[in-house]
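Only one structure is covered here, and it is reproduced in the block below.
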Amino acid sequence: MVGIKNKFFLFFFIFCANYLVAQESHGEYQISFVGFQMDYCEYDREGVLLDSEKSNFTDITGAELQYRYFLDDFSNFALNIMEIEGNTEYIGSYIGSGTGYGSVVSTTSNIIRDISLGYNAKNLLSFKIMVLSGLGIGYRYWQRKLSSTQVEVYEWYSLRANVGIQFMHKNLTASFIAEYQHGIKPTMRATGIADDYELSSANITKLSLPIRYMISNNIDLTCAYVFEYQKIKESDVVFDSIGNGYIEPDSTAYNQYLKVGIVFKY
């Protein structure tokens, strides 16, 4: 169930979106199909691999909805909502078994939601070349269902900043954008543990290559490749009902996205 603070955060996003849509101005909607490839690993304090999750682009899929409200030709507010879900191959071991990495191979069910609201601007560098920049806030949700009795949910908010460069040629626009997301109070909760794991940090570095082709004054086609490096640092110790202590270990994820979509402009 979504907590009170998460409901407030989602309501804030929806309120802002409705306010922007209500204004009489230039804007656009973008709907994209998303394919997601995951390469996730957890490590102990000595750097020994504990477990991993891997998928191909067709294993985890979903959609992304974007709305942009243009203040002028060089700035906009953007609301992004993405949800993807699917399966990864889990390789690891049973908790407390001591059998080591690879003793268990199974399938994990995943749901990932990412919501962001940001301000973006661009400045003319030279003929048909723009410098891009942006600031925003975001929310990240990741549910890992390793089995019917073991479900882990990671959640955090983030401050997000990006810079990039954009090239324009006739009806074609290509951009290269680097973004950093600094997680705020990241947590993980797990089945059978009453208290949340307080993660030391949860930060993401993202590189995006979006391309747009103008079909008409009202419609563009888009595609994008996105590479994402996620780093989560070890949590505090939490205890189950009989006093056993657990930590969420360090982890890294090298994620990739392929997105194909259409833009409706008005």
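Taking the range 169-189 only, how many residues are in a strand (DSSP E or B), more than 22 Å from the chain's Cα centre (by Cα) and at pLDDT 95 or above? I'd like the intermediate steps shown before the answer.
Initial filter on the range 169-189 (in a strand (DSSP E or B)): 169, 172-189.
The next check asks that each one be more than 22 Å from the chain's Cα centre (by Cα); those that pass are 169, 172-173.
Applying the additional criterion that residues be at pLDDT 95 or above yields 172-173.
Residues that pass the stated criteria total 2.
When residues of the range 110-132 are filtered for being under 30 Å from GLU85 (Cα atoms) and either charged (D, E, K, R) or surrounded by 15 or more Cβ atoms within 10 Å (Cβ to Cβ) (or both), how many remain?
Keep residues of the range 110-132 that are under 30 Å from GLU85 (Cα atoms), which gives 110-120.
The next check asks that each one be either charged (D, E, K, R) or surrounded by 15 or more Cβ atoms within 10 Å (Cβ to Cβ) (or both); those that pass are 110-118, 120.
Residues flagged as under 30 Å from GLU85 (Cα atoms) and either charged (D, E, K, R) or surrounded by 15 or more Cβ atoms within 10 Å (Cβ to Cβ) (or both) within the range 110-132 amount to 10.
Where residues in the range 93-108 are touching a Ser or Thr at 6+ places or on another chain (Cβ under 9 Å), open to solvent by 50 Å² or more (accessible area, probe 1.4 Å) and within 27 Å of ILE204 (Cβ to Cβ), which of them is modelled with the highest pLDDT?
Per the stated criteria, the residue is THR107.
Write out, first by first residue and then by second, each pair whose Cβ atoms fall under 8 Å of each other, whose residues are 6+ apart or on separate chains, and whose first residue, in the range 54-70, is closer than 23 Å to GLY27 by Cβ while the second is surrounded by 15 or more Cβ atoms within 10 Å (Cβ to Cβ) and β-branched (Val, Ile, Thr).
ALA63/VAL34; ALA63/ILE84; GLU64/VAL34; GLU64/ILE81; LEU65/ILE81; GLN66/ILE81
In this structure, does ALA78 turn out to be small (Gly, Ala, Ser) and open to solvent by 40 Å² or more (accessible area, probe 1.4 Å)?
Details: small (Gly, Ala, Ser): yes; open to solvent by 40 Å² or more (accessible area, probe 1.4 Å): no.
In short, no.
Within the range 192-217, which residues are open to solvent by 80 Å² or more (accessible area, probe 1.4 Å) and outside any strand (DSSP E or B)?
Result: ALA194, ASP195, ILE215, ASN217.
Within the bounds of the range 167-188, is there any residue that is open to solvent by 60 Å² or more (accessible area, probe 1.4 Å) and of a type in the set (Ser, Thr, Tyr)?
Yes, the range 167-188 has at least one match.
One line per residue, one yes/no per condition, for (1) among the acidic types (Asp, Glu); (2) part of a strand (DSSP E or B); (3) farther than 14 Å from GLU89 by Cα; (4) open to solvent by 60 Å² or more (accessible area, probe 1.4 Å):
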| residue | (1), (2), (3), (4) |
| --- | --- |
| TYR29 | no, yes, yes, yes |
| VAL34 | no, yes, yes, no |
| TYR40 | no, yes, no, no |
| ARG45 | no, no, yes, yes |
| SER52 | no, yes, no, no |
| PHE57 | no, no, no, no |
| GLU64 | yes, yes, yes, no |
| TYR67 | no, yes, yes, no |
| PHE70 | no, yes, yes, no |
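Please count how many residues of the range 218-247 are in contact (Cβ under 8 Å) with a residue 40 or more places away in the chain and assigned to a loop (DSSP other than H, G, I, E, B).
4
Tally time: how many residues in the range 219-256 are farther than 22 Å from ASP51 by Cα and either modelled with pLDDT of 95 or more or in contact with a Ser or Thr (Cβ under 8 Å, 6 or more places away or on another chain) (or both)?
Quick first cut of the range 219-256, residues farther than 22 Å from ASP51 by Cα only: 219-226, 241-243.
From what is left, the residues that are either modelled with pLDDT of 95 or more or in contact with a Ser or Thr (Cβ under 8 Å, 6 or more places away or on another chain) (or both) are 219-226.
Residues that pass the stated criteria total 8.
The values are calculated or read from the model by the stated rules, or taken from the named source; none is laboratory data. Remember, it's a predicted structure, so these values are computed and weren't measured experimentally. So basically every Cβ, Gly included, is an ideal-geometry build from the backbone, and we count neighbours across all protein chains shown. These accessible areas exclude ligands, DNA and RNA; they are computed on the full protein's heavy atoms, side chains included. Shrake-Rupley method; radii C 1.70, N 1.55, O 1.52, S 1.80 Å.
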